[in-house]
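The values are calculated or read from the model by the stated rules, or taken from the named source; none is laboratory data. Given the structure is predicted, the values throughout are model-derived calculations rather than measurements. Every residue, glycine as well, gets a Cβ built from its backbone with ideal geometry; the counts of neighbours run over all protein chains shown. Surface areas here come from the heavy atoms of the whole protein model, side chains and all, with no ligands, DNA or RNA. Shrake-Rupley method; radii C 1.70, N 1.55, O 1.52, S 1.80 Å.
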Amino acid sequence: MGVSIPASEPKHPRRHQERCEADGDGGESPALAALYLYGDVLESVVERVPAADLAAAAGVSREWLRAVRSALRRRPRRLPWLVVHLHGRRRRTAAYDPHSGAWLTVQAPRHATPSHVRLVRGARGDRVCALSCSGLDVAGDPLGTSACVAMKAPGVWRVDPVLAAVGDRVVALGGACQLALAEGEDAAAVEVHEGGNWTACEPMPAALRESAAATWLSVAATDHRVYLADRTTGCASWFDPSMRRWGPTRRLKPDAGVSTWGVAPGRAGAEQLVLFGAKREGEGAKNKVVIQAWEVDGDTLDLSPGAGHHAMPSEMSARLFPHDEDEEDDGETLPSIGVCGNATGGYVYNSAEPANGAVLYELQQEGKTGGAVERWEWVPCAPSMRAEPLGRVILACSPVGLDELELSRGLPPLGPQRACTDVQ
């Protein structure tokens, strides 16, 4: 999960006034002293604490903070959180902790936030943002509770761009407003933000120009590249912002029956992708949606040698895409999936009906053989989504640290400068 804690190591306090002073003078009773937790017993307890409560546990004392650090290193929480940004009558945010299987309701931020937001994909976590003609404001944390980081607006005015954070650079791809294009400007234009300024780069490849907008593209960002795939055709390519160049363009279609595609970062190490595809099989009452996953080489965009596909359990895909008995057999709509994830795992959902829930996938760890996905797990819908089904929903994926959890509860962060170290 990547729960993080302040990097500064506090000094060790005296063991609770020398264990309340062994002689009992001025100390507490032996029965009360026996209730204190410390050492291995405290660490064992902390290991079972849901992540949403870890921030409060770490703030109890310096000894508890050390216990939280030790517990997270001994049993890392690898998987990222699913973050739901709901925009209806008012803005709401909820976050799903895969370790405890519980939803956390995030308090509304005190600072001013825009009513209409977009998403910046990033290997270190997705962030919501607001794009206007005057600038690009990116949330300072995954839950959108801290003040935004302000940037200049891209040189080309965009209405539906792909935005990605790659290392310390931000990339804007496609989504340009056709009516606002000046002479010589391209709707598939690409710009890279670095050092406070935007630099124009080579536009998107010809195979992606017809779908050069966030609505039609699936996006995956790693520490070095941003990957784009047409949701319908499976055509894909990657862009390296440090080299300012595009990679090869491939048609990722290992199964001709698949009608919708999605991509997410693959396992850590070499550049890899996980390709997801959804299709319908069967007729009449037996008609069902099948969702599969393949591992793809990030350099060549070819299927990894010897990589087979992993299918999502049928009972989970049936809950994402329930069969509508009122529709005629030949009138079933094609499934449309959304994917968000990082190098440890992520989430697959019904992009047309996100309130149906989601499915967590965990990637095989480095060094293990087999397919890309190690396991699948059902994630229920966030309660806030059920309460406001007509609201606009943005689903994001990110590690969530202790400082972010403190801010979500309306408290100041644990670290004086919010310096954190991810525990992987």
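The relative contact order of segment 76-409, computed from alpha carbon pairs under 8 Å that lie at least 6 residues apart in sequence, is 17 percent. Once both labels are positioned 7 Å from their Cα atoms along Cα-to-Cβ, the gap between Thr232 and Ala102 label points is 4.4 nm. Relative to the current alpha-carbon distance between Cys177 and His323, full extension at 0.36 nm per residue lengthens the span by 48.8 nm. Would any residue of segment 254-282 have its amide N under 13 Å from a label point 7 Å out along Cα→Cβ of Ala352? List them or say none. What the label zone holds, given the 13 Å backbone N cut-off, is 259-260, 279-280. When a/c reaches 1.5 or more, the comparison of a/b and b/c decides; with that in mind, is segment 76-409 rounded, prolate or oblate per its Cα gyration tensor? Judged from the Cα gyration tensor, segment 76-409 comes out rounded (a/c under 1.5). For segment 76-409, the carbon plus sulfur part of the accessible surface works out to 49%, probe radius 1.4 Å.
For segment 144-303, what does the alpha-carbon gyration tensor say about shape, rounded, prolate or oblate, given a ≥ b ≥ c as the root eigenvalues, a/c under 1.5 as rounded, and a/b over b/c as prolate? Because a/c hits 1.5 or more and a/b exceeds b/c, segment 144-303 counts as prolate.
Per-residue 3J(HN,Hα) values for segment 125-141, derived from phi via the Karplus relation 6.51 cos²θ - 1.76 cosθ + 1.60 with θ = phi - 60°, read x, 7, 9, 7, 8, 10, 10, 9, 5, 9, x, 10, 10, 10, 4, x, 8 Hz in sequence order (x marks Gly and Pro).
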